[in-house]
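Here's the structure we're looking at; comments come further down.
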Amino acid sequence: MADSVFLSAGHGGNDPGAVGNGLKEKDINLQTLLGCKAELERHNVKVFSSRTTDENDGVYEEVREAIASGVDLAVSFHTNAGGGNGFEAYCNTANPDGVRFSKLAEKYIKALGQNSRGVKDGTHLYFIRETPMTAVLLECFFIDNAADKNIGDTRAEQRALGVAYAKAILEYMGIDYKGNIPAKPAPSEPSKKLYRVQAGAYADYANAEKMRDKVIAAGFAAFISEE
Ligand SMILES: [Zn+2]
């Protein structure tokens, strides 16, 4: 299945993953997955997800689900800790497809302004070692670094990280990215512009009142406002 992918949001439920700066890794990974999934589905890519809510989902189960999905590419979203700074991608560096996808993920994360520590061998990681398909584990930023966490410490930013990863998956699959359609009001939608009619401006309040009363007497609404 070329146009399908398995996505995993690392940790979840009782396992928060890394914590720091008031953030929990499991939440960041989930929002990243949801942002990625929506963007891929907008491009008709079939997405298998390890979880779409905050639930227990250990790496053994993730790998079992990835294998059951029968896809050619499995991507696991994580958030780093340990005092570093920047994005990292882990894959089996002996697998050219793994390296190719890792470099695409790096390219689109860098486009968000994030720095990269590069593509590294991850064959010591269970998710990469035990999956028969091309598997990549992505660490978007360091949760315990006060500066690095700024790339993803809001839900909107976490979704944007997911969109960046989706762009990498689309390019990997050879699918053109459809840009967001600019928001234009539909032709039938009435104009929201307001046109205000002014009858006059008076330095003297009594004169303003006189004009207001004339307008009201003529059958129109009128009010006095200060400038
Ligand atoms: Zn993790």
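The values are calculated or read from the model by the stated rules, or taken from the named source; none is laboratory data. Small disclaimer: the values here were computed from a predicted structure and weren't measured. Positions of Cβ are generated from backbone atoms using ideal geometry, with glycine treated the same way; all protein chains shown enter the neighbour counts.
A few points about this structure:
- Of the residues screened, A208 is one that is at pLDDT below 95, surrounded by 16 or more Cβ atoms within 10 Å (Cβ to Cβ) and among the hydrophobic types (A, V, I, L, M, F, W, C).
- Checked against (1) within 16 Å of the ligand (Cβ to nearest atom); (2) over 21 Å from V19 (Cα atoms); (3) touching a residue at least 40 places away in the same chain (Cβ under 8 Å), D72 passes all but condition (1).
- Criterion applied to L73, L112 was being out of contact with any Phe, Trp or Tyr (no Cβ under 8 Å at 6 or more places or on another chain) and aliphatic (A, V, I, L, M), and the one residue passing it is L112.
- Within segment 139-154, if we keep just the residues that are assigned to a loop (DSSP other than H, G, I, E, B) and away from the ligand (no atom under 12 Å from the Cβ), the residue that is surrounded by the most Cβ atoms within 10 Å (Cβ to Cβ) turns out to be G152.
- Residue satisfying all of: in segment 8-59; hydrophobic (A, V, I, L, M, F, W, C) and within 14 Å of the ligand (Cβ to nearest atom); surrounded by the most Cβ atoms within 10 Å (Cβ to Cβ) among these: A9
- Qualifying residue in segment 24-40 (condition: in a loop (DSSP other than H, G, I, E, B) and over 20 Å from A135 (Cβ atoms)): no
- Some residue of segment 112-129 being under 23 Å from L170 (Cα atoms), more than 16 Å from the ligand (Cβ to nearest atom), small (G, A, S) and part of a strand (DSSP E or B): yes
- Residue match in segment 114-124 (condition: within 20 Å of L40 (Cα to Cα) and within 17 Å of the chain's Cα centre (by Cα)): no
- Hey, S4 closer than 14 Å to A74 by Cα and touching a Lys or Arg at 6+ places or on another chain (Cβ under 8 Å) or not: yes
- For segment 81-99, a residue qualifies if it is under 15 Å from F127 (Cβ atoms) and within 13 Å of the ligand (Cβ to nearest atom), and the qualifying residues are E88, Y90.
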